[in-house]
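Peer 1: This is the structure I want to talk about, given as structure tokens.
Just so it is clear, none of the values below were taken in a lab; they were calculated from the coordinates. Here the structure is a predicted model, which is why all the values come from computation and not from measurement. Ideal geometry is used to build each Cβ from the backbone, glycine not excepted, and the neighbour counts take in all protein chains shown.
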Amino acid sequence: MTVSRKMMLGAALLVAATCFGARNANAALIASAQVSRVKTSYSARKQAVVIHGHATNVEQIKVMYRGKHVKTVAVKHGKFALTQRFKGYGTFKLVAGTTTLKKITASTYATPVLRQTLAAGTKTGLQLGFVGQKHATVTIRQAGKLVKTYRTGHAKSQTRIPLKTIKRTDAKNLTATQKVRGKKVSRPLKLKGTQIGFKLYIYS
């Protein structure tokens with residue numbers, strides 16, 4: 001082997017070793033990546049989740065929603081921030097390489113589902129009782145059409161829906177949601193009703 005070929009081979013081996021070392025170093029860096037002080041809110045106007053926090057040992061964070069890559073966010077001066085439109089109540093993941101740094105479930109960005117406690121049928125309407133969030137907006141719909149909306153002051157609340165509005169007290173096609181500030185509206189709760197003259201107490 002000539003001197004020139006030996007020099008070329010040596011250079012190639014050096015480049016390969018350098019690349020291999022760089023890949024190993026990068027993999028080690030990603031493996032040590034972390035996020036902290038992550039805060040999450042929801043923008044109803046943008047219909048988007050808003051996430052920001054601190055990150056170490058990572059330059060970019062991939063955002064996954066329901067297993068699909070939806071955005072890549074740059075980490076600047078140890079911080080990151082993102083706003084991402086979405087539908088549904090799936091789980092977000094913050095990922096570096098193949099490592100999941102943080103999972104953000106619907107319980108973080110959405111209002112919890114209401115719990116119904118009472119249904120009482122009268123000649124004038126349907127009395128409903130709920131346990132939910134303080135200072136929430138409760139919305140009741142029938143087959144998608146708005147029936148009533150009201151604000152709660154405490155976790156427990158009651159409301160009455162006139163019979164002339166819903167036509168019957170068995171709560172057919174009635175659903176209720178609640179929403180608090182900075183959170184997405186809850187999933188709808190299918191309501192239970194009863195016959196006129198009866199009360200139904202719900203404990204589950």
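Peer 1: Here are Thr175, Thr169, Thr165: which of them is assigned to a strand (DSSP E or B) and touching a strand residue (DSSP E or B) at 6+ places or on another chain (Cβ under 9 Å)?
Peer 2: Checking each option against the conditions leaves just Thr175.
Peer 1: When you look at Ile161, is it of a type outside the set (Asp, Glu) and out of contact with any Gly (no Cβ under 7 Å at 6 or more places or on another chain), yes or no?
Peer 2: no
Peer 1: Moving on to the next point. Being among the hydroxyl-bearing types (Ser, Thr, Tyr), under 15 Å from Ser186 (Cβ atoms), without any contact (Cβ under 8 Å) to a residue 40 or more places away in the chain and assigned to a loop (DSSP other than H, G, I, E, B) is the filter here, so list the residues in the range 87-139 that pass it.
Peer 2: Answer for the range 87-139, where residues must be among the hydroxyl-bearing types (Ser, Thr, Tyr), under 15 Å from Ser186 (Cβ atoms), without any contact (Cβ under 8 Å) to a residue 40 or more places away in the chain and assigned to a loop (DSSP other than H, G, I, E, B): just Thr105.
Peer 1: Oh, and also: List the residue pairs whose Cβ atoms are under 6 Å apart, where the first residue sits in the range 46-71 and is part of a loop (DSSP other than H, G, I, E, B), the second is of a type in the set (Val, Ile, Thr), and the two are 6 or more positions apart or on different chains.
Peer 2: Hits for this filter: Val58/Val75; Glu59/Val75.
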